[in-house]
Structures are given as structure tokens and as C-alpha cells.
Amino acid sequence: MKKTFLLIVIHLVAVLSFGQSVTVKGKLVAEADNEALPYATVSVAREDAPAAVIKKMATQEDGSFTTTLSPGTYLFGFHFVGMNDTVRKVDVPSTRDPLDIGVIALSESAKLLDEVSVTAQAPLVKVEIDKLTYSAKDDPEASTSNVLDLLRKVPLITVDGEDKIQLKGASNYKIYLNGKPSNMISSNPSQVLKSMPASSIKDVEVITDPGAKYDAEGVGGIINLVTDKRVDDGYSGSVGANGDSFGGYGGNVYLATKYGKLGFTGNAAYFHHARPVAESEFTREETTPQNLLTQEGSNKSDGGGLFLNGALSYEPDTVNLFNLSLSRFGGKFNSLSLQEAGSEGSRTYSYQSRSNSTSNFGGMNLSADYQRNFRRKGEMLTLSYRFEHDPNDSEYESAYDKVTGTFYYSDGYKLKNGYKLKNNNHAGGSEHTGQVDYVNPLNGKHTIEAGMKFIFRDNTSRADHTFFDTASGTWLPDESRLNDLDHFQRITSGYAGYTYKFGKMGMKAGLRGEHTNQEIHYLSNTPDTVHTHFFDMVPSFTLSYQIGMTRTLRGGYNMRISRPGIWYLNPYINDVDPNNISYGNPGLDGEQQHNFNFNYGSFSQKLNFNATVSYAFTKNAVTGYSFIRNGVTHNTYDNIGRNQTVGSNLYVSWTPTQMIRTYLNGGVSYTDIRSTKNDQLHNSGISGRAFGGLTWTLPKDLRLGANGGLFMNQVQLQTDQSPFYFYSFSLMKSLLDKKLDLSINVQDLFSKTRKNTSTTTGPGFRQESAYFYPMRNFRFSVTYRFGELKSSMKRVQRGIVNDDVMEGAGNQQGSSGNRSGE
């Protein structure tokens, strides 16, 4: 009897152990835009007991889910915040083959959402085969900050205390808006991005491995700003205002709307900048002959500008899409500089000067494109046109008094009491671009792309130089300083690329060819015309491997080109300070940089980690350099840099609880830079940068924040700088059911001013500059959101589920597939 019972038990165990089970898989997407729904709740129940859930899981980052079930009939329930719940009946057959139930599309709920208890947050960063993407819509501080503040938190990007942007520690990069180059933003990044509310941005893409599709320009890579767009009918927007204790103020309006086949996104902002008096000191020591120059001065500035941006889209059907966008940014800055100068040694003189200067800046961008989709998903043809105009005008007037000794101005005029100088420079450029792009995902593994592009650029500079003749009491033209310029570029390019994805492996390779035809007209006292043309082959290659659901390795090589713009080419001489003059070099060539990088990323709900190691070298870098001539420091540019840089970048974001989020973003690099024309000019050293912060969410919609940054010396050919640090504290309160946000921010509370020094050395001289920057500043901002918040919040709420289904969910390597992206 015992043996019989034992045999029965063994048989039952064998049946249970080796009974048939079937793998069931599928994918969850949004019906409106076919975008994956990550971390949605999937529940499974038997058909005969629908109330008894036997399994519950969360979808992965790409919306996919997988489970194992025994044969039978089940009810699959799908739930996602802001979407209508869906239930699907699934028959699991008696087979060993996996069962794919396909793509399940959820429609958006027509009901207004009640307050949602957020128990988990989607990762802020995801890694793809050629870029990193920072989700601006998931940043809790985006509602009351601007885009420049947002960039401080983006991996591989750093913004220093003077609001200068660096990508992987380099200042040579390109900024794109919705996948298209924007010279208007690239030439004035700090001011333009300050005027854009962060709430208007959906994603910030850091493209450190630009494929063949992208222009070869931008040595450090590409920062692509993807604006937020509605995908459903309705409207949403915001209005905001801000002010600070320096005397600056501003306001902005943002609107996104879509009705039927027509969509519109617009943004308008005005800002007024005011900076208190900043003092400065300057010392220059010369050895041959010996001379000592000292200067003490002060400077204060104010100004303002207006930014307008509108994008219109028309989608008559699922096959055709038309986009039209127009951006306008313009303004001016006024500056008053006072200076006392004294020279001892081989040249003895002294004077006092007063200079009023005005700089006008801005740009206009018009772009239109047509997108044709084909029957195969992802196959697309795009025709695009873009026009851009970027003025860069400036003028100044200087007056001199208490002149002693002998000092000759750069035009040879001897400085006297009452001497005045007035300069007016009209400079800028226009650009026309036409292109065609085609992409075809042949199947789930192979994708090909190809395209052609033509760019016509017209850069000009016209200057009017006059001086006040004390003998006649009249303003006279200075014909000896005529140095106008016309600069034309015609760039024709074509590319082909191939992408392969299989399992955990990914590969992307491409080749781009660019032919440049250049014509330069020197309109000086000795006019001349120079014609040049050159051809560049620009390869790119990237490999990626997904170690697990949350970890990815990536490595690649690419070559980048930097063609100097009008601000580098302009021969106009800026001699507001007659002892330190600067001008461009119209004879500059484009530079080529070769980049190798290796990246490791691990992204999950609580911990985001990304580390990059890179190596780059350039043989003909456009490099700023300084030299002494007739007792005056000349600052200009030339293709004399042979640079090598080994760098590392680190990004960590940790969310230990629902209430606390911390992050650290920075890097360290070693640079060796040498002049190809002067063996005495050589510099090397370590530079570093770091920015970090903490956000603490308290009950009753109250948030506290603390941020800080440290920047070490940036290695340049002749100049070393002192370290610079800054910090800030913030308090934000949400009211009116989270429609109204109030924010107070204080920068460098315990430091009214901060000293920053730079030292420049060259053959026969050494000079040191010291600036005392005003630091302590209080800023107040208010933002009110309006419209159908259920829709504008959709992208934020995607990925918010309960912890019991979130555990173990990770982030996968993928691509966005959003038609409004690149």
C-alpha cells in the first residue's frame, strides 16, 4: 500500500513538473501615436474566475511583456494612467511554440484625471545606439525653470557659472531644434535658451556619435532639443513671469493645440537682463623690451530681447505630414566700461577712458518639410527646406581723458585729451538649405538610410570707422582701417547609412561626403578674392551590446568637421580697449576632429548611471592665440592647434524614495595642445567640471532644492584659468490643483562677489586678468498651466505604476519612433 501511494505521488509530481506551459508575449502601445507604454500594468485571470487575478506584471521600457501559462482560456487586463482600460480574451493552445498576441493599443481616456498618487517614476535617461535621451517632461523642476537650467542636469552637458555650455568638456558643438540645425541658437545659446521655458521641451538628445544622416559640423557632437507636441485633440499651455534682484525680469507664454488634422505649438518670451557693476584688474609684463602695463576698470550692462517660435503641422492622412515652423530671436545689450591705464618702462603713459557699446544679436529661422510614409512601418521619405538669417551687429564710442606720456592708437593716431573713437560694424550671415532623406527598415534587423543636401551661405561684414579730430572739432572717417568682407560657401553632401539590430547586439555604420566651394572677397585698401574648394569623407561607426534589461555597452568612432562662422572670420577690429584688441581671421579653414568613445549605461527606476571614456585628436584646430605688437595685445584665430584629449564623463541620478532625487553630472579630461607654427606655444593639463543637486519633495506639493557646480581650469593654448564654483537653493510650491507653481531661488547666498583669474603667456610677455563677478542673486518665478491637463500630463504619467508591479522593471535599449522627433 505504501509503495502504491508513493508511486502515485511520484507520478503526480512528474505531471506537475513536466506539464506543458506556453510562453505568451505581446506589446502595449498608445493608439494615438503608436508610442510604447512602459511600466503599464498587465493582469491575468482565468475566464471562469475573472475576479481572481493569478498573475500581475509591468511592461518593459519598450511596452513589451512576457509570461508563461498552462493551456486554457484567460482574460488579459491592461491598465495605464490616463488611458481606457482594455480586456482581451486569449486562448492558450496546447503547444510548445510561443504565443504572440500582438500589439494592444490603448485609447486615451476622455475623463479628467483625478489626483494621482505617484509611487514610482520613469527613468530620466535612456540610452540608444547613437545617443542619450534626457526626458525633460519627467523632470519635476521643468515647470518653473528655463532650458538652460535644464541642460545643467543632462548627461555629458555642463553649464558653468557664466552660463557657457560645454559638451563633453568642449565648447565646439551644434544645437539642433527638432532634428534640424539652428545657427540662431548655436550662436547665442545662453540667451536663447534662457528665454525658452523648460516645459516646452519633451526630450534633450545628446548625440555624441552622430551618424551619416547628420551634418559633419559640430566637433563635440549635437544637442537636439525636441519640443513637446500634442498628439490628441485639445489644447494646453502655460504663462510665466520671473524677476531677480539684479534688476532683470521676463515673461513667457507657451501653447500647444491640436484639432483634427491641424496642430500648432508656439512659444513667446521676453527677457530684460541687468548686471551690476563688475570690477576688473589687468597686468601685462613684457621682457623685450621691459615694460609693465596695469589697468583697473569696471563694467555694467543691461539689455533685453524677444523670442518667438511657432510650429504648424498638418496631417491629412496617415501617409502624409506637412510641417512649417518659424522662429525669431532678437535683442541688444548695452555696456558701460570705465578704465584707468598706466604704463611704465620702455613706454610711459597713462589715461582714463569711458566706453559705451551696444551689441545687437538675434536670428530668424524658417523651415518647411514634407514627410511621406509608406506601407512598411518606418519607411519614410522627407523633403526639407530651411532659411536662416543671423545678424551680429555692434557699435561703440570711446572717449579719453587725463592723457599723459605718448600712446599711439592702432590707427597711428597719437592719443590726446578729448580723443574720441566711434566704430559701427554690420555683420551677419544668411543660409539656404535643401535636403532629401529616405529611411527603410527592411525588416526587424536591417535598416538603410540615404540622403542629399545642399547649403548656400552668405556671410558679410561692413564697418564704419570714425574718429573725432580735436583740431577741427569734427568726426572724420578713418580710411586706413577699411577691412570689409564677403564670404560665400556652397556645400553639397550625400550620405548612406546602415543599421543592424539582432537580439542584444546593435550596429550602425555610415559614410558621408561633403564638398565645399568657398569664395572670399577682401574689401580692404588692397582688395583681393580667394577661391578654395575641398572634399571631406566623414565615416561613422557605432556598436552596442545590451548586457541586461537595464545595462548597455556602446562604443564608436566618428569624424567631425568645424567650419568657422562669421564671428571667427570677421576681420573687424574691436579696439574698445586699445591695449587689448581682437579680430577674426578670414583665411581660416575648417578643422577635422577624430573621436573614439566607449560608454556604459545602467538605467532603472531608482538609479541611473552613465559613464563615458573618450579620446579625440585634431591636427588643424581653429585656435585662439595672443601676441604683442607695438605694445598692444592682439587676440585672433588660426588653424595652428594640434590637440589631443583623453576624457571621462559621469552621470548618476539616484531616487532612493518618492521624496528624494539626487544627481551628479560632470567629467575630467587631460588635454595636450601644441602650436604647429610656434614651438614655444604648448600647454597641457587636467580640467574638470561637475554639477550636482538634490530635490526633496515634501507633503502639500512643496519642493526644496539645492544645486552646485565646480569648474576647474579649461586647458587652452596660452591661457590658464582659476577654478570657479557656484551654488543655489530653491523652494517651489504648487497651488490650485498643481496648475500654479511659485518658485524662489537664491544663488550664492554667502558670496556677494567672486574673483576669477586668467593668465596668458607668450613669447616675451605674461598677462593676468582678474574679474570680480557679482554673484548673490535672488530670483522669483511664477508659472500657471491651463487647458486640458489630462493630455499635457500624459507623457509624464506614462511609467507611473504601483511598486508591486514595478519591482524588477528595467529600461531597454530602443528608439523613439515619434514622428515629431528627428
Determine, yes or no, whether residue 675 is buried (at least 17 other Cβ atoms within 10 Å of the Cβ) and either of a type in the set (D, E, K, R) or under 19 Å from residue 612 (Cα atoms) (or both).
no
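When the residues of the range 654-686 are filtered to those that are among the charged types (D, E, K, R) and not in a loop (DSSP other than H, G, I, E, B), which remaining residue is nearest to residue 697 (Cα to Cα)? Walk me through how you get there before you give the answer.
Keep residues of the range 654-686 that are among the charged types (D, E, K, R), which gives 661, 672, 674, 677, 679.
From what is left, the residues that are not in a loop (DSSP other than H, G, I, E, B) are 661, 672, 674.
Values: 661: 9, 672: 44, 674: 50 Å.
Among residues in the range 654-686 that are among the charged types (D, E, K, R) and not in a loop (DSSP other than H, G, I, E, B), the one nearest to residue 697 (Cα to Cα) is 661.
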Taking the range 486-521 as the search range and keeping residues that are aliphatic (A, V, I, L, M) and under 30 Å from residue 555 (Cβ atoms), which one is surrounded by the most Cβ atoms within 10 Å (Cβ to Cβ)?
491
Sole miss for residue 680 among (1) under 23 Å from residue 721 (Cα atoms); (2) open to solvent by less than 50 Å² (accessible area, probe 1.4 Å) is condition (2)
With respect to residue 304, is the statement that it is farther than 30 Å from residue 631 by Cα, without any contact (Cβ under 8 Å) to a residue 60 or more places away in the chain and either open to solvent by less than 50 Å² (accessible area, probe 1.4 Å) or among the small types (Gly, Ala, Ser) (or both) true?
yes
I'd like the residue in the range 746-767 that is closer than 17 Å to residue 160 by Cα and open to solvent by 30 Å² or more (accessible area, probe 1.4 Å) and, out of all such residues, is nearest to the chain's Cα centre (by Cα).
747
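Out of curiosity, is residue 483 open to solvent by 50 Å² or more (accessible area, probe 1.4 Å) and over 22 Å from residue 515 (Cβ atoms)?
Answer is no for this residue.
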The condition of being surrounded by fewer than 19 Cβ atoms within 10 Å (Cβ to Cβ), of a type outside the set (A, V, I, L, M, F, W, C) and farther than 22 Å from residue 183 by Cβ holds, among 528, 536, only for 528
Expected single match for of a type in the set (Gly, Ala, Ser) and touching a Ser or Thr at 6+ places or on another chain (Cβ under 9 Å) among 444, 473, 451 is 451
Looking at the range 573-589, I want the residues that are within 16 Å of residue 481 (Cα to Cα) and have a partner that is in a loop (DSSP other than H, G, I, E, B) and of a type in the set (Val, Ile, Thr) with Cβ atoms under 9 Å, at least 6 apart or on another chain. Which pairs are those?
581/573; 582/573; 583/573
Verdict on residue 336 being modelled with pLDDT of 90 or more and open to solvent by 40 Å² or more (accessible area, probe 1.4 Å)
no
Return yes or no: is residue 631 in contact (Cβ under 8 Å) with a residue 24 or more places away in the chain and either open to solvent by less than 60 Å² (accessible area, probe 1.4 Å) or at positive phi (or both)?
yes
The range 590-612: number of residues that are crowded, with 16+ Cβ neighbours inside 10 Å and either over 21 Å from residue 138 (Cα atoms) or in contact with a helix residue (DSSP H, G or I) (Cβ under 9 Å, 6 or more places away or on another chain) (or both)
11
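The values are calculated or read from the model by the stated rules, or taken from the named source; none is laboratory data. Not measured: the values here are computed from a predicted model. Don't worry about glycine lacking a Cβ; one is built from the backbone with ideal geometry, like all the others, and counts go over all protein chains shown. Keep in mind that these areas ignore ligands, DNA and RNA; they rest on the heavy atoms of the full protein, side chains included. Shrake-Rupley method; radii C 1.70, N 1.55, O 1.52, S 1.80 Å.
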